[in-house]
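Q: Take this structure first; my questions come after.
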Amino acid sequence: MADAVDTYALSGIEGMREPDRGLFEIAAKRCGVNLEAGGWMIGDNPLADIAGGRGAGLHTIWINRGTWPDQEHDADYVVTDVLQAMEILHDET
């Protein structure tokens, strides 16, 4: 999976947490783009990852591991593991 990732931003290092748009802006800048160019957020937390990604204008993939069974979300895709998420990225990009 590391070959498919250009860069990352870790909330603990950056001093902010999802769904703070600033964290997504940092990640986009490190990729050499701005958020208006689009992108993807893959995560397992529908509140921080998916809502944050949507708020930043990104496409989203929620990895639903059953931790949030009744949580409403607006993810573009819902999968159960990272491999499924990678397949979607391959097909969509």
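Q: Looking only at residues in region 46-80 that are under 22 Å from Leu10 (Cα atoms) and among the hydroxyl-bearing types (Ser, Thr, Tyr), which one is modelled with the highest pLDDT?
A: Thr60
Q: Continuing with the same structure: Give all pairs with beta carbons closer than 7 Å in which a residue from region 4-32 that is more than 17 Å from Ile42 (Cβ to Cβ) meets a residue that is among the hydrophobic types (A, V, I, L, M, F, W, C) and in a helix (DSSP H, G or I); count only pairs at least 6 apart in sequence or on separate chains.
A: These pairs meet every condition: Glu14/Leu23; Glu14/Ile26; Met16/Leu23; Glu25/Leu35.
Q: Also: Take the residues of region 39-92 that are more than 22 Å from Arg21 (Cβ to Cβ) and polar (S, T, N, Q): which is surrounded by the fewest Cβ atoms within 10 Å (Cβ to Cβ)?
A: Looking at the filtered set, the residue picked out is Thr67.
Q: Mind checking whether some residue in region 2-13 is more than 19 Å from Met86 (Cα to Cα) and not small (Gly, Ala, Ser)?
A: Yes: one or more hits.
Q: For region 12-31, which positions are over 17 Å from Arg54 (Cβ atoms) and part of a helix (DSSP H, G or I)?
A: Within region 12-31, Gly12, Ile13, Glu14, Ile26, Lys29, Arg30 qualify.
Q: Here's a follow-up. Just need a number here: residues in region 59-87 that are in contact with a Phe, Trp or Tyr (Cβ under 6 Å, 6 or more places away or on another chain) and within 20 Å of Thr7 (Cβ to Cβ).
A: Count: 2.
Q: Still on this model: When you go through Ile63, Ile26 one by one, which is the residue that is of a type in the set (A, V, I, L, M) and more than 20 Å from Leu89 (Cβ to Cβ)?
A: After applying the criteria, what remains is Ile26.
Q: Residues of region 54-80 being within 10 Å of Asp44 (Cα to Cα) and either among the acidic types (Asp, Glu) or part of a strand (DSSP E or B) (or both), which ones?
A: The answer is Ile61, Trp62, Ile63, Val78, Val79.
Q: With respect to Gly43, determine if the residue is on the phi > 0 side of the Ramachandran plot and at pLDDT 90 or above.
A: When the stated conditions are applied, Gly43 does not pass them.
Q: If the Cβ limit is 6 Å and pairs must be 6+ apart or interchain, which residue in region 40-57 that is under 14 Å from Asp74 (Cβ atoms) pairs with which residue that is among the β-branched types (Val, Ile, Thr) and buried (at least 20 other Cβ atoms within 10 Å of the Cβ)?
A: Taking only residues 6 or more apart or on different chains, the pairs are Met41/Thr60; Ile50/Thr60; Gly53/Thr60; Arg54/Thr60.
Q: Among the residues of region 29-68, write down those that are more than 16 Å from Gln84 (Cα to Cα) and among the small types (Gly, Ala, Ser).
A: Those that are more than 16 Å from Gln84 (Cα to Cα) and among the small types (Gly, Ala, Ser): Gly32, Ala37, Gly38, Gly39, Ala48, Ala51, Gly52, Gly53, Gly55, Ala56, Gly57.
The values are calculated or read from the model by the stated rules, or taken from the named source; none is laboratory data. Small disclaimer: the values here were computed from a predicted structure and weren't measured. When we count neighbours, we look across all protein chains shown, and the Cβ atoms used for this are built from the backbone with ideal geometry, even at glycine.
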